[in-house]
Each structure stands twice: as C-alpha cells, then as structure tokens.
Amino acid sequence: MHDEETLLLTNCHVASMAGGSGYGAVHDAALLIDNGKIRWLGTRSDAPRTGVRRIDLGGRWVTPGLIDCHTHLVFGGNRAGEFEQRLKGASYEQIARAGGGIMSTVAATRASTEEELIKGAIPRLRSLAASGVTTIEIKSGYGLDLQSELKMLRAARELESKVPMNVVTTFLGLHAVPPEFASRPDDYVEIVIKAALPVVAEERLASAVDAYLETIAFSEEQVERYFAAATALGLKRKLHADQLASGNGAHLASRAKALSADHLEYLDEAGAKAMASAGVAAVLLPGAFLTLRETKVPPVDLLRAAGVDMAVATDCNPGTSPMTSMLLAMNLGCTLFGLTPFEALKGATINAAKALGHDDEIGSIEPGKAADLAVWDVAGPAELSYWLGHSPLHTRFKGGVEVGLSHRERIAELEPGRRVDQSRVAHEARV
Ligand code: DI6
Ligand code: FE
C-alpha cells in the first residue's frame, strides 16, 4: 500500500470534530484520502464511484486519530515502590523532598542507554496506539543534564520508526533541580538557558519547551526567564501549572503566549479569563489527579464559561500517572472532572491538536488535513468515553495508510502481494 494512492473509506459514520459545537457527524459516510490527506468527506451516495481503491468499514464509526498531547513516555525504571509507599500514607511531596520521586527516575534515566529508553517505551506506546492514538507528545525532563536530556529527546524521536505514530517532542528542561545543583537552582536555570536551549533549538530536537512551576520545582521568575530565552529561539511554550497549589501558572502561561497550561487544579476565574484571551489551551490530566488521590478538581465550569479550549491527556509518567490509554483519560475526564463525552473527545482530538500548535494539520476530519484516523466498533461516539479499560478500536490510519492497532508489521501485512488478514481488516474491494 502506498500513501500516494487514492483511497475511499466507505460504509461508515464519521465524527469529524470539525466545526465546534457538535461531533460534526456524517452518517452513512464515505471519506476520500489522497496523498496521505483527507480530500473529501460526505455521504456515501455522493462518493466517487470509479478509479479508487475502497475499504468497506462495515458501518463502524471513524474519528480523528486521538492525540495524547502531554506525556513523559520515555524514562528509565519505574516507581511501583513509591506507589506502595504512597498507599501507606507518604505524600508525593514528602517522597520528592526526601530525594525520591522524580529524582529516582532521573537516576534510572541517566543510567539507561538511548536503546534501553526506546525499548522501555515501545510497549507503552503500543498500548496508547491500541487506544486509538496517532499523535503523541513526549517530553524530556528526566535527564536534567545536557547529554541525558538530548538522549531522551532522540529516543522519543526514534520511536516513530518503531511504532506507527506521529511523535511531537517537548524539552522539559525545568522539571526538577538536579541533585548536583541542589544548593544553587539559579545556576541550573542559567545552564539550561545558556547551554541546553540553543542546542535543542539548533538540532530541532523539540518544537516546544515546558516547565514545572510548583513550590517543589521552579519559581515564576525562573520560568519567566527560561520562557523568554525559548521564545527568542523560536521554541513554543507549555507549562505544568497550578497542580498542587495555586501559583499564578495560568497568568504566566498567558503572558508567555504558551500553547497550553496543564493540570490547573488550582486555577481561578481570573486565570481562566487570562488563558481565554491569550488563546492558551487547558490540558486536563485526570490520571495524575487519580494517582495522587487529589481532591481538588480543575474548575471545568470556569474554563467552559471563559471559553478556554480544553484538552485531555494521559500525562503518562512513572510517578504520578502510569496510564497508557487515551480512552481511560477521556473516561476519567468525564467521571472525575465532569466533562461531557463530547468534550472528552474534543479534548482528545481538535483541542489536543491546538495544545500542540498543530490544529492546522491534525485533530479533525477536514479536507487538507492528514488522514490520521481511528476506526471504532462502537454504536456512537459517546461510547468512547464510556468503557473503563476496554478499547473498541478496530484499526488506525496514519497519513492515509492503515497501520492497525499498534504494530509496524501491519504495514508489511497490507503490502500488495501479501495475504491480508480478513479477520482484522474490513472488507476490501477494488472497483
Ligand atoms: N507531571 C510531571 O512532570 C510531574 N507531575 C506531573 O503530573 C512529575 C512526574 C513524576 O513524578 O515523575
Ligand atoms: Fe506532566
């Protein structure tokens, strides 16, 4: 199968997520894909009849491929031991202040080779793919020295060749103060600004930067300096903001014209309004809320009232959100934060694309956008937020190529001359 081929997906229902107020549903639909992009969407009776290869999707639902816009997917080791400690009553802050938490992952990540990091991340990435994800953002931030940070970013980039997935990388230089700078955090910030940011920008290893603005991490003043330097180098900004305490994160992100402010449990009305007027997306991370057994939910009603674009993501990381399903993130967004299933799907598609600054290319099914699609065995799109731990995914398309659930071998399977597994692929016919 070649991606320049013209392909018609037919006999399906489409939730295009284009247009804002509704699913943009087209029933009994057909979708024309050309050169990896969506060329046309309409009802089946209006579809072109000849000259194109067709795939009959058997009445299934098609959505944009899901976008996980906030993850820390690449890391060494895991933190199951810390999970046990927390269940016995230790708090996340206590563990962090005692040198565990993020620091234990930093030690394991520094000790891993790039290949080991890739190998460790592949099963998690496959799991995300099996939940319908076609684009993932991956942050660095567990290296905290130049070489280890670059190693993480290269590993993240390399994952694109291992699992069919678009990977967007973010440099999380200000994640935690590394132990060797414990007594002089400002020196660490200076080194990140002077030594790391220029290399990341020059080698195009990330398109955005992120920071952890929290009393256990970095201050407003430090993040502000770092954002200014990143902006000057053409890097976009994202921010872990107002998660564990109120810290003016939404205002800082708005002043910096960030793509997104993420977490936001302690956001207030003025912060929500600032985000709306600066066009900053809100990324809600219910997996971290659940894992930390937080009680303060992000103020979804204030975000709605202010008109902020809300995205949902897994925050997949070894400490606070060891979650590898976007469908579960959507479900928790509904059950824990009060999103509607429509808002959850919007948050996993077009609004997630906005949070990455890629909404002109992905996130909805519209002519000109990439043919990144998820095909589902569901009776309607609300069902995507309903299952807890089951993925009704039938198959995925990335750039117009059917890539199945998660395995690169699926592409080989579908190449001309090879036998196509009829139990896993919808009926194909040439007209
Ligand atoms: N994202 C983060 O970066 C931190 N929390 C969060 O939600 C820390 C992740 C970790 O503990 O490793
Ligand atoms: Fe995070």
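Set side by side, the residues ALA282, ALA288 differ, and just one is assigned to a helix (DSSP H, G or I), open to solvent by less than 10 Å² (accessible area, probe 1.4 Å) and of a type in the set (A, V, I, L, M, F, W, C), which is ALA288. Screening the candidates LYS238, LYS257, LYS273 for the property of being among the basic types (Lys, Arg) and either touching a His at 6+ places or on another chain (Cβ under 7 Å) or within 13 Å of ligand 2 (Cβ to nearest atom) (or both) yields one hit, LYS238. Within region 16-33, which residues are buried (at least 18 other Cβ atoms within 10 Å of the Cβ), part of a strand (DSSP E or B) and not β-branched (Val, Ile, Thr)? Once the filter is applied, which keeps residues that are buried (at least 18 other Cβ atoms within 10 Å of the Cβ), part of a strand (DSSP E or B) and not β-branched (Val, Ile, Thr), region 16-33 yields ALA29, ALA30, LEU31, LEU32.
Residues in region 169-201 that are surrounded by fewer than 20 Cβ atoms within 10 Å (Cβ to Cβ) and closer than 28 Å to LYS369 by Cα: ALA201 only.
Within region 138-165, how many residues turn out to be in a loop (DSSP other than H, G, I, E, B), under 13 Å from GLY76 (Cβ atoms) and open to solvent by 10 Å² or more (accessible area, probe 1.4 Å)? Result for region 138-165: 0. Reported count of residues in region 301-335, each being part of a helix (DSSP H, G or I), hydrophobic (A, V, I, L, M, F, W, C) and open to solvent by less than 10 Å² (accessible area, probe 1.4 Å), is 5. If you check ARG54, ARG86 for being within 13 Å of ligand 1 (Cβ to nearest atom), of a type in the set (D, E, K, R) and more than 30 Å from ALA206 (Cβ to Cβ), only one passes: ARG86.
Among the residues making up region 338-357, those that are touching a helix residue (DSSP H, G or I) at 6+ places or on another chain (Cβ under 8 Å) and surrounded by fewer than 21 Cβ atoms within 10 Å (Cβ to Cβ) are GLY338, THR340, PRO341, PHE342. THR113 falls short of the stated requirement of being farther than 30 Å from ALA371 by Cα and within 16 Å of ligand 2 (Cβ to nearest atom).
Cβ separations smaller than 6 Å between residues 6+ apart or across chains give the following pairs from region 200-212 residues that are hydrophobic (A, V, I, L, M, F, W, C) and part of a strand (DSSP E or B) to residues that are open to solvent by 10 Å² or more (accessible area, probe 1.4 Å) and away from ligand 1 (no atom under 16 Å from the Cβ): ALA208/LYS236. Scanning region 261-293 for residues that are at pLDDT below 95 and either more than 16 Å from ligand 1 (Cβ to nearest atom) or closer than 21 Å to GLY357 by Cβ (or both) yields a count of 0. Of all residues in region 166-187, exactly one satisfies the criterion of being charged (D, E, K, R) and part of a loop (DSSP other than H, G, I, E, B), namely ARG184. Evaluation of MET103 against the conditions (1) within 16 Å of ligand 2 (Cβ to nearest atom); (2) within 24 Å of VAL283 (Cα to Cα) shows that the sole unmet condition is (2).
Just to be sure, is ALA232 modelled with pLDDT of 95 or more, hydrophobic (A, V, I, L, M, F, W, C) and surrounded by fewer than 22 Cβ atoms within 10 Å (Cβ to Cβ)? Yes: the conditions hold for ALA232.
Looking only at residues in region 34-76 that are without any contact (Cβ under 8 Å) to a residue 40 or more places away in the chain and in a strand (DSSP E or B), the one that is nearest to ligand 2 (Cβ to nearest atom) is GLY42.
Residues of region 291-300 being of a type in the set (Ser, Thr, Tyr) and surrounded by 18 or more Cβ atoms within 10 Å (Cβ to Cβ), which ones? Listed by number, the list holds a single entry, THR291.
The values are calculated or read from the model by the stated rules, or taken from the named source; none is laboratory data. Note that the structure is a prediction, hence the values are computed from the model and not measured. Cβ sites come from the backbone with ideal geometry, for glycine too, and all protein chains shown count toward neighbours. Just so you know, the surface numbers come from the protein's heavy atoms only, side chains and all, with ligands and any DNA or RNA stripped out. Shrake-Rupley method; radii C 1.70, N 1.55, O 1.52, S 1.80 Å.
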